[in-house]
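Data first, discussion second: the structure below is written as structure tokens.
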Amino acid sequence: MERHDYDVLIVGGGPAGLSAALVLARARRRVLVLDEQRPRNAPAGHVHNYLGREGTPPARLLEIGRAESTACGAEIRTGRVEHAEALAGGGFLVRTGQSSWRARRLLLATGLVDELPQVPGVAELWGTDVLHCPYCHGYEVRDRALGVLASSPAAVHQALLWRQWSADVVLLAGEVELTDDDRRRLGARGIRIVDEPVVELAIAEHRLRGVRLRDGSFLEREAIVVAPRFRARHALATTLGLEVVEHPFGEYIASDRQGVTTVPGVRVAGNLADLRGQVLTSAAAGLEAAAALNADLVDDDTERAVAAAEFSPGTERAVADRVLGDRRHGIAGGLPR
């Protein structure tokens, strides 16, 4: 039987990957995490809605997660996984540069990439004064002058949602067509509409000052809301044959709640499988996938143990001795056929 270096190899060391590593290490599994150290939320100042960790800087949260999982025996290495394949005898081979590892199971937690609107200044202020999730950042910009930069029909819903945090919300509709009903609903909530397209964000000392419009006018704003397209980092997943699902807001890998995919032995967790997952829900998804992986490995370990016991010469001799002993004592029985 071919020996594997690890029970589970996890690709991605974000909240989902580290949460899974902690669970599996505590289950006394041999675990390796391979991480590029390119966290999606690196531009953000703090993590929010994470019970017990509210306001923690993203880098600090990952530092805590790495310390907790390695303290229980997990290994974490920095590196980009360049290749992964299923082995004919079972398990998987993973390569990073000149190094390679074998594992019985794979968990992919590679996350996603936010594809931002191509407006000058948006990428520069992403995660600070350019935001997308009201539950992640709405409280921090409450009562400020907000602008919702429309990039899809969902912009109307987005503007109505952000109205919960501020009475000063402007929908920068640009070339997105609004229906009469859209305009009535927005007007009823006191949301102004600017139809002139935005050409750039005005920035001074790394902070947003407002937006410049195509007609040359200027509108002061303190934060801009955008709707990125969420693109899963699925290059490795598709190499392994996993199914990519197209969604109006992006793409993700198909799986069930426990991360089961269409490829046996490969599971996914976090934003790779859930475009809307926040830090806390991604960590929870890592826990679910890890617990299911351990149960799967327990079944595999048991089947191997049963097979070894049934076919080992010593076991056959022991069974024969027991049956003969039973016969001497008048107990019915016989050798298994």
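The values are calculated or read from the model by the stated rules, or taken from the named source; none is laboratory data. All of these numbers come straight from a predicted model, not from anything done at the bench. All Cβ positions, even for glycine, are placed from backbone atoms using ideal geometry, and neighbour counts span all protein chains on display.
How many residues does the stretch 216-264 hold that are among the hydrophobic types (A, V, I, L, M, F, W, C) and more than 30 Å from Leu87 (Cβ to Cβ)?
9
Quick one: in the stretch 160-189, which of the residues that are surrounded by 16 or more Cβ atoms within 10 Å (Cβ to Cβ) and of a type in the set (Lys, Arg) is farthest from His132 (Cα to Cα)?
Per the criteria, the residue is Arg185.
Can you report the number of residues in the stretch 252-276 which are without any contact (Cβ under 8 Å) to a residue 12 or more places away in the chain and within 20 Å of Pro39 (Cα to Cα)?
1
Farther than 20 Å from Val122 by Cβ and either of a type outside the set (Phe, Trp, Tyr) or loosely packed, with under 15 Cβ neighbours inside 10 Å (or both): which single residue out of Arg214, Arg192 fits that description? Give the steps one after another, and end with the answer.
Details: Arg214 fails: farther than 20 Å from Val122 by Cβ.
Only one candidate qualifies: Arg192.
Note down all Cβ pairs under 7 Å where the first residue falls in the stretch 54-79 and is closer than 13 Å to Gly13 by Cα, the second is surrounded by 15 or more Cβ atoms within 10 Å (Cβ to Cβ) and of a type in the set (Asp, Glu), and they're at least six residues apart or on different chains.
That search, which allows pairs on different chains as well, returns Ile76/Asp35; Thr78/Asp35.
Any residue at all in the stretch 109-120 that is more than 19 Å from the chain's Cα centre (by Cα), crowded, with 19+ Cβ neighbours inside 10 Å and not aliphatic (A, V, I, L, M)? Spell out the reasoning first.
Quick first cut of the stretch 109-120, residues more than 19 Å from the chain's Cα centre (by Cα) only: 117-120.
When the remaining residues are screened for being crowded, with 19+ Cβ neighbours inside 10 Å, the result is 119.
Filter again for not aliphatic (A, V, I, L, M), leaving none.
No, the stretch 109-120 contains no residue that is more than 19 Å from the chain's Cα centre (by Cα), crowded, with 19+ Cβ neighbours inside 10 Å and not aliphatic (A, V, I, L, M).
Whether any residue in the stretch 245-265 is surrounded by fewer than 20 Cβ atoms within 10 Å (Cβ to Cβ), modelled with pLDDT under 95, among the aromatic types (Phe, Trp, Tyr) and not in a loop (DSSP other than H, G, I, E, B) is what I want to check.
No, every residue in the stretch 245-265 fails to be surrounded by fewer than 20 Cβ atoms within 10 Å (Cβ to Cβ), modelled with pLDDT under 95, among the aromatic types (Phe, Trp, Tyr) and not in a loop (DSSP other than H, G, I, E, B).
Give the number of residues within the stretch 54-90 that are among the aliphatic types (A, V, I, L, M) and not in a loop (DSSP other than H, G, I, E, B).
Residues of the stretch 54-90 that are among the aliphatic types (A, V, I, L, M), as a first pass: 59, 61-62, 64, 67, 71, 74, 76, 81, 84, 86-88.
Still in the running and not in a loop (DSSP other than H, G, I, E, B): 59, 61-62, 64, 67, 71, 76, 84, 86.
The qualifying residues number 9.
What number of residues in the stretch 1-53 are part of a helix (DSSP H, G or I) and among the hydroxyl-bearing types (Ser, Thr, Tyr)?
Count: 1.
In the stretch 280-315, which residues are modelled with pLDDT under 95 and of a type in the set (A, V, I, L, M)?
Result: Ala305, Val306, Ala307, Ala308, Ala309.
Considering only residues that are hydrophobic (A, V, I, L, M, F, W, C) and modelled with pLDDT of 95 or more, which ones fall in the stretch 28-58? Full working, then the answer.
In the first step, residues of the stretch 28-58 are kept if they are hydrophobic (A, V, I, L, M, F, W, C); the result is 31-34, 42, 44, 47, 51.
Result: Val31, Leu32, Val33, Leu34.
Counting residues that are over 27 Å from Leu112 (Cβ atoms), which helices (runs of 4 or more DSSP H) fully inside the stretch 123-232 reach at least 2?
Where helices (runs of 4 or more DSSP H) fall fully within the stretch 123-232 and carry at least 2 residues being over 27 Å from Leu112 (Cβ atoms), they are 180-188.
Out of the residues in the stretch 13-43 that are farther than 23 Å from Leu93 by Cα and touching a Ser or Thr at 6+ places or on another chain (Cβ under 8 Å), which is surrounded by the fewest Cβ atoms within 10 Å (Cβ to Cβ)?
Result: Pro43.
Just the residues that are closer than 17 Å to Arg53 by Cβ and small (Gly, Ala, Ser), please, taken from the stretch 259-294.
Gly270, Gly277, Ser282, Ala283, Ala284, Ala285, Gly286 - these are the residues of the stretch 259-294 that are closer than 17 Å to Arg53 by Cβ and small (Gly, Ala, Ser).
Restricting to the stretch 173-192, what's the tally of residues that are closer than 18 Å to Asp143 by Cα and in contact with a Leu (Cβ under 8 Å, 6 or more places away or on another chain)?
The total comes to 4.
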